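In what follows, a single structure is set out as structure tokens and then discussed.
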Amino acid sequence: MPTNPIRPSHVLPEGAKTDPESEFPDLARVRRLRQVSEHYPNRFGLFSRVYSGEASPRECIKAFCLECNGWDKIAIGNCTASACPLHRLRPFQKK
């Protein structure tokens, strides 16, 4: 049986319910979810909802801005990328 180079067979058995690949067939998303769960576990729920299609548009924008600004909420509020189409919609702005 050939092994998957992205996910070694010893990580999780095929068809396991905790395997993100069974829920998200896109391997790039699986890798991103693993990174988020390791480095930013408090954001895992947000990204899981975004990748499963259950997130609101606002949550999708928040996830995008978090990645773009290095996971720094203050940097998102002070973002200077005015050419970004989401700039006016970004979260964590001063009111």
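Read-outs: derived from the displayed coordinates by stated rules, not from any lab. Computed from a predicted model, the values in this text were never measured in an experiment. Cβ: placed from backbone, ideal geometry, glycine included. Neighbour counts: every protein chain shown.
Pop the C-beta distance of Ala81 and Cys60 into the FRET formula with R0 = 25 Å and round what comes out to the nearest 0.05.
Computed FRET efficiency for Ala81 and Cys60: 0.90.
Please give, to one decimal in nm, the separation of the simple spin-label points placed at Lys95 and Tyr40, each 7 Å out from Cα toward the Cβ.
In this crude label model, Lys95 to Tyr40 measures out at 2.3 nm.
With contacts defined as alpha carbon pairs under 8 Å and 6 or more residues apart, what's the relative contact order of region 20-89 in percent?
17 percent
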